[in-house]
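Trainee: What follows is a structure written as structure tokens; I'll ask about it next.
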Amino acid sequence: MSEPITDLVAAAIEAARNAYAPYSGFHVGAALLFDDGAVVQAANVENASYGLSLCAEANAVARAMTEGRRGGLVAVAIAGGKADAAGAIALGPEPVMPCGRCRQMLHELAALGDTDPEVIGAADGSLTRLPLSALLPHAFGPANLA
Ligand code: THU
């Protein structure tokens with residue numbers, strides 16, 4: 001992997017600075033690493049109609065696919081926590097791992113390139129690292145509709 005994991009986690013933490021999360025106060029950043037070395041960052045975007053809020057990982061997938069990416073996903077880092085007055089996030093003791101909907105969205109992008117990306121959840125002082133296939137076993141995906 002060309003990009004060290006610590007750099008990818010730093011990119012997720014940086015992305016969280018742009019979260020729009022006035023309702024939950026929980027700022028999340030995601031960073032997707034591709035096989036050409038590119039990193040795509042995004043943050044969560046909430047809405048006054050709470051249920052419409054968008055997760056950081058979903059926004060990152062949408063951003064990457066809008067840039068034309070169709071596969072090549074090798075790793076995903078996620079960081080979340082409360083923001084301080086300067087906008088920096090304080091990681092909690094538990095890692096933020098993707099919600100169910102985001103696992104499915106990540107699977108779509110991964111499946112297009114036949115990769116099983118490593119998912120890295122950042123906590124204060126530790127990282128949880130698991131393949132996406134372990135987080136979403138027996139996933140439904142493009143192959144089912146072929
Ligand atoms: N959130 C994410 O961005 N990613 C996740 O994987 C879990 C939750 C966001 C959604 C909402 O804006 C806030 O965190 C609190 O649930």
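Trainee: Magnitude of the Cβ-charge dipole of the chain, K/R +1 and D/E -1, about the Cα centre, nearest 20 debye?
Mentor: Charge dipole of the chain: 340 debye, to the nearest 20.
Trainee: Computed from the mean reciprocal separation of all distinct C-alpha pairs, what Kirkwood hydrodynamic radius does the chain have, in Å?
Mentor: 15.1
Trainee: Now for a different question. What net charge is computed for the residues neighbouring Ile89, neighbours being all others with C-beta under 9 Å from the C-beta of Ile89, Lys and Arg scored +1, Asp and Glu -1?
Mentor: Surrounding charge for Ile89 is +1.
Trainee: Check each of the GluC sites (Glu not before Pro) in region 40-109 and keep only those in coil by DSSP with at most 11 other C-beta atoms within 10 angstrom; list them in order.
Mentor: Answer by residue number: Glu67.
Trainee: What angle do you read, to the nearest 10 degrees and between 0 and 90, between the alpha-carbon axis of helix 56-66 and the longest principal axis of the chain?
Mentor: That works out to roughly 50 degrees.
Laboratory data are not the source of any read-out in this text; all were calculated from the coordinates shown. This structure is a prediction, so every number in the text was calculated from the model and none was measured. Here Cβ is always computed from backbone atoms with ideal geometry, including for glycine, and neighbour counts include all displayed protein chains.
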